[in-house]
Each structure stands twice: as structure tokens, then as C-alpha cells.
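The values are calculated or read from the model by the stated rules, or taken from the named source; none is laboratory data. Predicted model only: the values in this text are computed from it and were never measured. Counting neighbours? That spans all protein chains shown, and the Cβs are built from the backbone with ideal geometry, glycine included.
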Amino acid sequence: MGWQGWFAVAVIVSVLVLLASERMRPELAVISGMVALLAFGVLTPDQALSGFSNAGMITVAAMYVVAAGLRETGAIDLASRGWLGNGAGVRRAQLKIMLPTAGLSAFINNTPVVATFLPVITGWARRNRVSASRLMIPLSYAAILGGMCTLVGTSTNLVVNGKWLADGGRGLGFFELAWIGVPCALIGMLYLLLVGGRLLPDRDSASSPFENPREYTVEMDVLADGPLVGRTIGEAGLRNLGKVFLVEIVRDGSVVPAVNTEERLQAADRLVFAGDVSSVLDLQRIKGLQSVREADAAIAQQYPERKLVEVVLSARCPLIGQTLRESRFHTYYGASVVAMARDGKRLRGGLGEVRLRPADTLLLEARPVWVDRNRYSPDFLLISQHGEDPPRYERAAAAWAVLGAIVVTATTGLLDMLTAALIGAGAMLAFGCVSVAGARKSVDIQVLLVIAGSFALGESLAVTGASSTIASSALALAGDRPWVLLALTYAMTLVMTEMITNNAAALLMFPIAVAAAEGLGLALEPFVVTVMLAASASFATPLGYQTNLMVAGPGNYRFLDFTRVGLPLNLIIGTVAVLLIPRIWPF
């Protein structure tokens, strides 16, 4: 391995450090690495830019539009309505959630499936007095497991298959992954029903008003010219508010904790409450109180048609690590932070001094158009909106028909996967299932840039011989035992995908896995499939997969909840995969 190989390894290690530390946005880190390899002549322009024209990446973009059509028409919601029923036990509810979620996730992107089921499951849990924390992790994990079952189940499957085709491989059939994906999904769901369900938290049953991690911390100002000035807490009706509790009063730079019922309110007092979303809405209706906003001109004054929106911050948000005051959230995004929830602990101090973290749940006040503009933002995941426009149910049948046509034509070989996806995306637009603006916003440019840049990074390992050198080290550990080499490939991919994005991990491991297989004269199929599955099996952290991040807030979860339930599942799926893959695709 010459200097080019060592340089490629150094660049990739630097990119991995940036991705794991979250010091740079993922697409900037990956594209910067690609540019460095191009500038130093390690890659030719054609090699560096090959990812932008790869069939797998373009197919991912087209399937984003297909998924948007299903979501905007309410097709998933319509199909699932009434499925959960009433009065079912928790285990039966978990099964009813996981089966359709896994089934739908096999054919469309996991994110819209989880986003559609979130409000349905939350409402069912509230009506039946079941803790949402018993249901949300099964929802996310079922989406991940379902995505392993088909070629279009996850973007990772598509991009790895596209890379294999570009290198002259045969590629996988639409349902070929089902031979391993379906057993893994069934075993994974069985684990969640029999074992994982007992490891899930049940925090809604707590008696203390602050033991429920779903509660928001809300701040309200007492208007100087309002009717509450001079009245006691009891007289103002701020003691018995149902699902909201007055925690403390911030007055003249000091804090009045454990507020007494006889405490009199003063002008400019800042009241700190804890409660759920419905309670936040009730507080805003109390005359004499005003939501605290970081902007001097409140959205309520500018736009009377405002609405409340719940979002979960992703690790990609550029404001992570800053306080709300430092970040100027309102200026950056055009929405005001009304309330905030985090990881089961009541937030101390004013909201303006809280440093933002991934998985923080924010309640925003914004104009209706803000939701449309930011529905597919990579910076945060939209959980729900209060007062949102109803889906166009009349187009739901057309959306299902388009998805069915994609599956049939791609499975029968009538069309290749890329052509079927592109025609399907066009049909969603033609039939009015998704608007042009909605289609444009549904395509996650950040993910596509990471995929395209990762192609270049992986290519540099192959053309410089670095992948062969790394593979030789793996071969030395495995000896002449293919099963051990396969297990090492799975473990390396799994560790990497928990640290960085799934697609980047898969594309970096692909050339190493191929070189290792060729070094022992083995078939490539077992190793290609292993990389696909391991890159998708992100169960152990809330940041490992997007759907885990989406359910972290609504499910009242803490970081270690995912580790406690997901780490055993990682081991189970890994064991099943390593044992079954060589029996389906022989070495």
C-alpha cells in the first residue's frame, strides 16, 4: 500500500472522527473528505463523482417521493384506522403495532411509517391508560426489522446493491433479502414481546408530577398591565390546573421555589410550569399570562393563525450545544420555543439558558406555512402539530396503487428497480398524491450527499489497495474460517453504524468485505448481505437510527432505555444473521 492508501485511510479516519464527534454536519464532513481525495490525486474526477450518478442513490431519492405520496394522502393512517381497537392488553397492542409497521417498512422508507403511527399510538395509549413508553420502542424497532426484508426496505440496501452493480456484481432481487430479513424480523419481534417488553420502562404510572419524562417545562410571564398582578397563586387559579404544576417563580433574578398558595404575583414575574401539551394550550388561554419567547416581536402578534408544533432535535441540528438564547432559535428557524422536554428530568433554570442536545423535544409556535417548509428538515423530526390540515384521503387508493405497481414491476423483472422507482415518483405527482413542493421537500438532500460522498471514500479504499490491506488483517484473525470472517464483518459494520450514519458505514465496509471474501476465494453474496443487515441493525442508542430518535420524546425514554432493550436485540439479530446467511448464500 503506497502513500495514496495511507492518505485515504487518514482522510477516512478524520471523517469518522468528525461524524462521531458531531463537530461538523455529516454531509460537510463526507464531502470534505471526497474533495481532499480528489485534490491530492488519489481519485480521478470520475471516481470521486461516481456516487452522484449511482443507480442506488437515485432510487433512494425517488422512493422519498413515493413515501411522501403515501404520507400526504393519509394512506397509511387510513389502512391502520381501528386496527388497535380498545381495551387490548399491552402485549397484544405491541403485536398489533409491530406487524403492520414491519410490513409497511419493507416497502417504503421507515420514517414516514413511524411518523404516521406516532399520533395514532399516542392517542390509543392515552385513551386506554397505557404508558406510551411500553409501545414506542417496539414501533421503532419493528420499522428497522421490516426494512431488512426487501431491497427497498432501507436506503442502505439500495445503495449497497447499487455499489455492487456498479462494480459488476449481479445485484439482489427485490424479495431476495426476505430469506434472511423475515426470520430476523420474526425473531426480533418475538424477543420484544417475550423479553424486551419486560425491559421497557413504565413511567406514566409514577405518582410524582416530575417523574413523567414527557412533561414539558413551560415559562409564562405575568403581564404588567394584566389582571393577575397582586393576586395570590390561589386567587389566580394557578394551583389546581389538572395536568400542569407551578414549579417556581423567577423574580428579579432570584428563584422562588416551592411556591406557596398565598404567594402574591408581581408584574414581570416569570412562572415556570411542568405539564403535558394539552396543559400548555390551557396556560396560553389564561388572561394575564404570556408565553416567553426569545424574539421581541411575538409570532402571536404578527400572525394570529399560528399553531403549536412538536419536534425532536436531531444530531444534525447546527444549534446543538448552544443555549436557546445564544442560538437565536427564532431568527434561525422562524419559530418560537414555547416549551421543552428532556430525558425524564425537569430542566433547571430558564429555558433561554438550556443548552440544546440531540433528542430534546421542543414545543414550537409557528405559522402554518412553517410546517410545510420544515416538514422534511434534517435538523429536527416533526412529531405532531396541533390543528394540522387533514390528509387528502381521496388520493389514498391511488397512492397504494402506485406502490403496488412499483413492487410488482420490480419483482417480476418487467422494470429494473431504478426505472420502477422513477416512474412511481412521477405517478405520485401525476395523480396528485403529492405536490411538487412536497416532493421537493421530501427528498433529504443531506442523506443523498452523505451517500454520494461515501461512495468516493469507499472507492478510495479499493483503488489504493487499502481495503485489501485491512482485509488481510481481518483474514489473519479469521484464518481459513469463513464463518469467523463473516462474524467479524458483521461486528465491524455494526460498531461503525452505531457511531456514524448507516449509509456511510455500509459504503466504507463494502470494499473491505469484498476484498476479504476474495482473499479466501469466497462468494461475495454472503458478505454483501451481511453489510446490508449490520448497517441497518441500529438498536442500542437513540442516535443510531432516525426512527429511534423520533420515538425518544413521545415514548418518555432515556438514553439507556435503548441500550437495555436494544443491545440484546443487536446480539440476537447478529447471531441469527451470521448463522443463516451462509446457508442461504453459500460461501
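Points worth noting:
- Helices (runs of 4 or more DSSP H) wholly inside the stretch 491-560 that include at least 2 residues being over 25 Å from Leu200 (Cβ atoms): 502-519, 525-536
- Looking only at the stretch 102-122, and only at residues there that are part of a helix (DSSP H, G or I) and aliphatic (A, V, I, L, M), the one that is surrounded by the most Cβ atoms within 10 Å (Cβ to Cβ): Val113
- For the stretch 391-412, the count of residues that are at pLDDT below 75, touching a strand residue (DSSP E or B) at 6+ places or on another chain (Cβ under 8 Å) and either assigned to a helix (DSSP H, G or I) or exposed (fewer than 15 other Cβ atoms within 10 Å of the Cβ) (or both) is zero.
- For the stretch 334-350, a residue qualifies if it is at pLDDT below 60 and in contact with an Asp or Glu (Cβ under 9 Å, 6 or more places away or on another chain), and the qualifying residues are Gly344, Arg346.
- Selection from the stretch 134-179 of residues that are of a type in the set (Phe, Trp, Tyr), surrounded by fewer than 24 Cβ atoms within 10 Å (Cβ to Cβ) and either at pLDDT below 85 or closer than 23 Å to Val447 by Cβ (or both): Trp164, Phe174
- Of all residues in the stretch 427-453, those being at pLDDT 80 or above, surrounded by 20 or more Cβ atoms within 10 Å (Cβ to Cβ) and under 20 Å from Thr73 (Cβ atoms) number 5.
- Odd one out for Ala462 among (1) in a helix (DSSP H, G or I); (2) out of contact with any Gly (no Cβ under 8 Å at 6 or more places or on another chain); (3) free of Cβ contacts under 8 Å to residues at least 24 places away in the same chain; (4) surrounded by fewer than 20 Cβ atoms within 10 Å (Cβ to Cβ): (3)
- Residues of the stretch 209-240 that are more than 19 Å from Arg129 (Cα to Cα) and either modelled with pLDDT under 65 or touching a Phe, Trp or Tyr at 6+ places or on another chain (Cβ under 8 Å) (or both): Tyr216, Thr217, Val218, Glu219, Met220, Asn240.
Residue by residue, here is whether (1) farther than 25 Å from Leu508 by Cβ; (2) surrounded by fewer than 24 Cβ atoms within 10 Å (Cβ to Cβ); (3) without any contact (Cβ under 8 Å) to a residue 24 or more places away in the chain holds:
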| site | (1), (2), (3) |
| --- | --- |
| Phe527 | no, no, no |
| Val531 | no, no, no |
| Ala534 | no, no, no |
| Ser538 | no, no, no |
| Pro542 | no, no, no |
| Gly555 | yes, no, no |
| Thr563 | no, yes, yes |
| Leu571 | no, yes, yes |
| Val576 | no, yes, no |
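- Hits in the stretch 33-42 (condition: out of contact with any helix residue (DSSP H, G or I) (no Cβ under 7 Å at 6 or more places or on another chain) and either of a type outside the set (Gly, Ala, Ser) or more than 19 Å from Thr464 (Cα to Cα) (or both)): Val35
- Search result, residues across the stretch 8-62 that are polar (S, T, N, Q) and surrounded by 15 or more Cβ atoms within 10 Å (Cβ to Cβ): Ser32, Gln47, Ser50, Asn54, Thr59
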